[in-house]
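Bear in mind that the values in this text are calculations on the coordinates, not laboratory data. All values reported here derive from a predicted model rather than from experimental measurement. Note that each Cβ is placed from the backbone with ideal geometry, even for glycine, and that neighbours are counted across all protein chains shown.
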Amino acid sequence: MLQWEKSRATRKRVEKQNITLSIPKDVLREAKHFAVDRGISLSGFLVEALEERVKRLSEMRRAAERQRTLMRRGLRLGTKGMVRWTREDLHIR
């Protein structure tokens, strides 16, 4: 189903799909209250919550990939790949 969705001063066409959820009653009750407090529908509230969660997880995934890339590439320590000290040199007391 395609619908028009108003998103902060811009309109965009968004494809939507209906789903069925099983949500604990107490959580659903609280979610309804939060939606009413914000002046939006429960559906809108859930969409916002999911968008926020997906965005956060996507950012975490990108950050993890950047870290893996750094680990594979290694850091420039000014040694040009040659270790010029021994364990004993590092532990002299």
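Residue farthest toward the positive end of the dipole of the chain, with Cβ of Lys/Arg at +1 and Asp/Glu at -1: which of 77, 58, 24?
The listed residue farthest towards the positive side: 77.
If I model a spin label as a point 7 Å beyond the Cα along the Cα-Cβ vector, how far apart are those points for residue 60 and residue 90 in nm?
In this crude spin-label approximation the distance works out to 3.2 nm.
Can you give the calculated 222 nm mean residue ellipticity of the chain, where each DSSP H run of n ≥ 4 adds -39,500 (n - 2.57) and the sum is split over every residue, rounded to the nearest 500 deg cm²/dmol?
Calculated at 222 nm, the ellipticity per residue is -18000 deg cm²/dmol.
Taking other Cβ within 10 Å of each residue's Cβ, how do 41, 22 sort, fewest first?
The order, fewest Cβ neighbours first, is 22, 41.
Given +1 on the Cβ of Lys and Arg, -1 on the Cβ of Asp and Glu, and no further charges, what dipole in debye does the chain carry about its Cα centre, rounded to the nearest 20?
In total the dipole reaches around 560 debye.
Take 83, 47 and order them by how many other Cβ atoms sit within 10 Å, fewest up front.
If I rank by nearby Cβ atoms, fewest first, I get 83, 47.
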